[in-house]
Amino acid sequence: MQVVSQWQRFKKAARPIIANRPLLVFYLAYGLAGLGYSMSSGLTFFFVDNYLGIAEKLPYAFMVSFGVSVPASWFWGVLAQKIRARPAWCIGLLLCATGLLGIIFLEPGESGFWLYLVCNALIGGGYASCFVAGFILLSNIVDYGKWKFGQDCSGLYFAFASTILKFNLSVGVAIGLLLADWLGFDPASKAMSTASRAALIISYSVLPAILFIFAAIVVSRIPLTARKHADIRKHLDAETLVAVAPIAKFQKTCPT
């Protein structure tokens, strides 16, 4: 009897992830988007309070951001059916980048409040695409993994995506805060200097927007086209029919 070592078991379990190139590219894009969103989210209060000077308006910003994400989730599902998941996700990521870059043009005070709400709506609505169009694309990658490796690893693939999300929620916020501090932002200062404002804008808006743009580029490079997935789906359906044919034949011949 051949003894299977723990290392061999690990290699067998890890192969559907490590050798799945579309999955690795997906994780990279998903991680970049989550990192950009978390970096920006961690600095939201400081931007609204220290930069805009309207901390009492912060609840409205959150209401708009999370409120828009609900109908946006339905929209991304419909759009993914129309133009496929990959381009739909790219559009969502670029909307996030647009909202973040729009923050650069905000002026401190009440005058920038409404434009800030618009930017928040773009960010919240665009980020919802990660969990709709992005996960539709991940389900296609599940089919690819089933076809290539002969095993269904859907639970493993989605669980690892959840791990990346939780990692970003903690590490991304920390990176944003540390970066703002390193660039010269002082949250305790009553009067912000030009350098402190620039540090906050770069950490809160510019760098997260760049991460979203890179994420969109990475998504466009996922090597799993709609045509290739359709061929894989036909192959898997054919295998299913072959597997269930003996069962169906037995049910027909089995006396009741």
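The values are calculated or read from the model by the stated rules, or taken from the named source; none is laboratory data. Predicted model, so just to flag it, every value in this text is computed and none were measured. All Cβ positions, glycine included, derive from the backbone under ideal geometry; neighbour counts span all protein chains shown. Only protein heavy atoms, including side chains, enter the accessible area calculation; ligands, DNA and RNA are left aside. Shrake-Rupley method; radii C 1.70, N 1.55, O 1.52, S 1.80 Å.
Computed quantities for the displayed model
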| item | result |
| --- | --- |
| Boolean, Ile175 is in contact (Cβ under 8 Å) with a residue 60 or more places away in the chain, closer than 14 Å to Leu23 by Cβ and of a type in the set (Val, Ile, Thr) | no |
| Where a residue in the range 207-220 is buried (at least 21 other Cβ atoms within 10 Å of the Cβ) and its partner, wherever it lies, is of a type in the set (D, E, K, R), with Cβ under 7 Å and at least six apart | Val219/Arg86 |
| Flag if Ile103 is among the hydrophobic types (A, V, I, L, M, F, W, C) and open to solvent by 30 Å² or more (accessible area, probe 1.4 Å) | no |
| Hey, Asn140 of a type outside the set (D, E, K, R), open to solvent by 20 Å² or more (accessible area, probe 1.4 Å) and in a helix (DSSP H, G or I) or not | yes |
| Test: residue in the range 168-176 that is within 23 Å of Pro108 (Cα to Cα), part of a helix (DSSP H, G or I) and more than 20 Å from the chain's Cα centre (by Cα) | no |
| Lone qualifier among Ala216, Ala245 - being at pLDDT 75 or above and outside any loop (DSSP other than H, G, I, E, B) | Ala216 |
| Condition check for Asn120: under 17 Å from the mean Cα position of the chain (by Cα), open to solvent by less than 50 Å² (accessible area, probe 1.4 Å) and closer than 22 Å to Met63 by Cα | yes |
| Output for the range 143-159, where each listed residue is under 21 Å from Ala226 (Cβ atoms) and open to solvent by 70 Å² or more (accessible area, probe 1.4 Å) | Trp147, Lys148 |
| Any helices (runs of 4 or more DSSP H) falling wholly within the range 21-111 and containing at least 3 residues that are over 16 Å from Val218 (Cβ atoms) and of a type in the set (S, T, N, Q) | 21-42, 58-83 |
| Flag if Ala29 is at pLDDT below 95 and within 22 Å of Leu207 (Cα to Cα) | no |
| Among residues of the range 45-95, those that are of a type in the set (D, E, K, R) and open to solvent by less than 20 Å² (accessible area, probe 1.4 Å), counted | 0 |
| Breaking point among (1) modelled with pLDDT under 85; (2) exposed (fewer than 11 other Cβ atoms within 10 Å of the Cβ), for Pro223 | (1) |
